[in-house]
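Structure, as structure tokens:
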Amino acid sequence: MTFNGVGNGGWAGFIGYGGLISSIQAGYAAASTDTGHKGASSEFLVGHPEKWTDYAHRAVHEMTVAAKFILAAHYGKTPAFSSWNSCSTGGAQGLIEAWRYPNDYDGIIAGAPSNPLTVEMVYGWMAAAQALQRTPGSALSADARQLLHDAALKYCDAKDGLADGLIQDPALCRFDPAVVQCKNGGTAKCLTAEQVAAARRLYAPVRDPRTKKVINAGLAPGSELTWGILAVPNQNGLSTLKNLVFKNPAWDFKRLNLSSYAEAAAAVGESNNPLRANLRAFLKKGGRLLLYHGWNDVVVVPGNSIAFYEGVLRAEGNGTKTTDAIRLFLAPGMSHCGGGEGPNQFDKVAAMEMWVEKGKAPETIVASHSKDGKVVRTRPLCAYPRIAVYNGSGSTDEAASFTCQLPSRK
């Protein structure tokens with residue numbers, strides 16, 4: 001008997017029935033929690049610090065303990081293997097489980113973890129909306145975003161040795177949107193100086209103005225088509241700031257600056273901040289952590305997952321023992337938790353089962369992209385920092401034509 005925990009999204013208080021169904025179909029016993037509230041905003045937390053504790057970590061842990069107790073009572077034995085599999089807020093819940101309750105799960109699959117919800121990421125959301133509303137001319141229309149996207153592909157696509165409509169590793173490319181800036185005024189085929197300035201702010205990391213430390217990674221070249229959702233403040237982030245940080249339902253996001261935000265946010269966020277988590281106990285007891293993230297994600301930027309992964313390696317030592325316990329997979333062209341232009345469907349659970357039950361750490365996971373219900377492309381996702389490189393022969397739409405190699409970052 002095996003057990004799988006199912007997570008949540010945003011501030012949503014709900015039972016994850018979709019995750020429960022897929023887990024049961026895969027042969028798992030499964031459980032989910034609404035973390036003790038209903039609705040999709042943080043209003044339930046105002047004046048109730050105990051509900052913040054429930055949302056931050058206690059509800060998921062108590063769900064896990066109760067589920068294992070029920071299973072033991074019903075089957076007469078505890079689960080042989082327990083895993084967590086979720087994305088976004090659910091991904092962050094998985095990281096918090098590994099940090100606070102290392103014995104709850106043997107394997108944790110954390111996709112695009114909102115990491116952390118109340119500090120770096122929320123500021124990144126507001127900074128993006130501010131950049132796009134800085135002046136009336138800063139807005140990026142659908143045509144402007146398409147123009148940027150086409151230019152980014154033209155400049156970055158072949159950096160991995162293959163022009164296939166996907167930027168395999170955006171970190172290899174230093175794209176400057178000035179290449180599509182109008183010489184005089186603006187037209188449908190170029191961007192104004194104000195629009196280029198806005199795009200530069202979105203590509204660039206958000207830094208602490210005092211220490212210059214990166215507090216939220218920038219958006220990746222290739223993600224431009226989904227920037228439309230950034231033009232208005234992210235509602236999860238806005239709810240966080242109004243109800244938790246500034247405790248003012250009338251607070252205006254345009255007034256946000258880092259110096260006024262950092263101190264208040266730190267007081268709220270430390271208890272729910274997996275980015276600074278110590279995973280030593282989880283790794284020491286044999287836990288396995290599989291991180292995955294779409295390169296085109298603009299809701300939770302992939303650079304934050306890279307920073308978290310590299311931070312764990314620095315803390316634990318970048319040796320085989322650590323890299324055999326934590327793996328990161330980045331999906332080119334994939335958006336937040338799925339979707340997008342690239343291969344975005346892959347069996348994470350099977351990879352985790354082989355890892356925990358057979359001791360075989362995943363080097364690659366084959367992902368597919370479907371159109372009209374048919375698979376039109378497969379591509380290997382490689383354990384970071386390796387990327388998929390075309391062998392030089394065979395179909396570029398088949399995973400077998402690629403091998404995982406370390407990129408040349410000149």
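The values are calculated or read from the model by the stated rules, or taken from the named source; none is laboratory data. Every value quoted in this text rests on a predicted model; they were computed, and no experiment measured them. Quick reminder, even Gly has a Cβ in these numbers, built from the backbone with ideal geometry, and neighbours come from all protein chains shown.
Scanning the stretch 202-226 for residues that are under 19 Å from residue 142 (Cβ atoms) and not hydrophobic (A, V, I, L, M, F, W, C), we see that the one that is surrounded by the fewest Cβ atoms within 10 Å (Cβ to Cβ) is 203.
For the stretch 393-410, the set of residues classified as within 23 Å of residue 375 (Cβ to Cβ) and either over 24 Å from the mean Cα position of the chain (by Cα) or of a type in the set (S, T, N, Q) (or both) consists of 393, 394, 395, 396, 397, 398, 400, 401, 402, 403, listed by residue number. Working only within the stretch 182-221, note down all residues that are touching a strand residue (DSSP E or B) at 6+ places or on another chain (Cβ under 9 Å) and of a type in the set (Ser, Thr, Tyr). The one that is touching a strand residue (DSSP E or B) at 6+ places or on another chain (Cβ under 9 Å) and of a type in the set (Ser, Thr, Tyr): 192.
To keep it simple, each residue is scored yes or no on (1) within 21 Å of residue 220 (Cα to Cα); (2) in the same structural domain as residue 280 (by TED's automatic domain parsing).
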residue	(1), (2)
293	yes, yes
303	yes, yes
349	no, yes
358	no, yes
396	no, no
403	no, no
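Find the helices (runs of 4 or more DSSP H) located wholly in the stretch 41-113 whose residues include 3 or more that are over 24 Å from residue 329 (Cα atoms), and list them.
Output list reads 49-53, 59-75.
Here residue 128 meets each of (1) in the same structural domain as residue 348 (by TED's automatic domain parsing); (2) touching a Lys or Arg at 6+ places or on another chain (Cβ under 9 Å) with one exception, condition (1).
On inspection, residue 45 passes the criterion of being buried (at least 21 other Cβ atoms within 10 Å of the Cβ), more than 20 Å from residue 95 (Cα to Cα) and out of contact with any Cys (no Cβ under 9 Å at 6 or more places or on another chain). Within the stretch 28-42, take every residue that is surrounded by fewer than 20 Cβ atoms within 10 Å (Cβ to Cβ) and on the phi > 0 side of the Ramachandran plot and give me the one that is modelled with the highest pLDDT. Out of the qualifying residues, it is 36.
Residue selection: residue 25 satisfies the criterion of being more than 20 Å from the chain's Cα centre (by Cα) and modelled with pLDDT under 95. Just the residues that are farther than 18 Å from residue 170 by Cβ and either within 26 Å of the chain's Cα centre (by Cα) or outside any loop (DSSP other than H, G, I, E, B) (or both), please, taken from the stretch 135-145. Passing the criteria: 136, 137, 138, 139, 140, 141, 142, 143, 144. For the stretch 91-106, the tally of residues that are touching a strand residue (DSSP E or B) at 6+ places or on another chain (Cβ under 7 Å) and crowded, with 24+ Cβ neighbours inside 10 Å stands at 7.
Here the condition is being in a loop (DSSP other than H, G, I, E, B) and of a type in the set (A, V, I, L, M); of 400, 367, 388, 361, it holds for 361 alone. Among the residues of the stretch 318-340, those that are modelled with pLDDT under 95 and charged (D, E, K, R) comprise 321, 324. Among the candidates 89, 78, 64, the residue that is over 18 Å from residue 107 (Cβ atoms) and of a type in the set (Val, Ile, Thr) is uniquely 89.
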